[in-house]
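J.: Let me begin by handing over the structure; questions about it come next.
No lab work stands behind these numbers, since they all come straight from the coordinates. On a predicted model such as this, the values are computed, not experimentally measured, just so you know. All Cβ positions, even for glycine, are placed from backbone atoms using ideal geometry, and neighbour counts span all protein chains on display.
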Amino acid sequence: MPNVPPPEPAAFRDHDHAACAAAVLARAEAVLAAAGARLTPVRRRTLEILLEAHTALGAYEVLDRLAEAGFARQPPVAYRALDFLVAQGLAHRVRRLNAFCACMHPGEAHQPAFLICRTCKALGEAPVAAARAALDGAAAATGFAIERVSIEAAGLCPACRGAAEA
């Protein structure tokens, strides 16, 4: 089978975002049901907020949006919901931005690289299997055991790159 590159992250191409978000939410619900967990109203709304756009949001941005939806304006409310979503593999922490984004592949074992547009702030998940294999090999050669990897790349998405070249 030929080596086919993975599809471009949805954040960087035209797509039906409502259908995209609905599909991710449905997969998230299935993942939680299989794990015997559930989306409480605040957890559901937090995930919906993260799914509104392919960007990362800080905890206080999430808190503000939760308050607009009628939930308590108390930081632990947002942090508990975000911590739950991350622990269940339904959201990711983007350390470079000190923010969170919805996982676009819930239920799939993966470690994404985050591609962050420095102009429009779009954020896409890209698979990192080849990069991780190279990193694991380099670490193994030194006797180092990797426990966690976070790859975050900043640059220009196709739309912003095209605008800059125009």
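J.: Summarise the long-distance tail of P(r) for the chain by giving the % of C-alpha pairs beyond 28 Å.
T.: On the way: 3726 of 13695 pairs.
Result for the distance tail: 27 percent.
J.: Please name whichever of PRO106, ALA87, ALA30 sits farthest to the positive end of the charge dipole of the chain, dipole taken about the Cα centre and charges placed at Cβ: Lys and Arg +1, Asp and Glu -1.
T.: Selected residue: ALA87.
J.: Give me the net charge for the shell around ARG44: Cβ to Cβ below 10 angstrom, other residues only, Lys and Arg +1, Asp and Glu -1.
T.: Taking every Cβ under 10 Å from that of ARG44, the sum is +1.
J.: Rounded to the nearest 20 debye, what is the charge dipole size of the chain about its Cα centre when +1 sits on each Lys and Arg Cβ and -1 on each Asp and Glu Cβ?
T.: About 380 debye.
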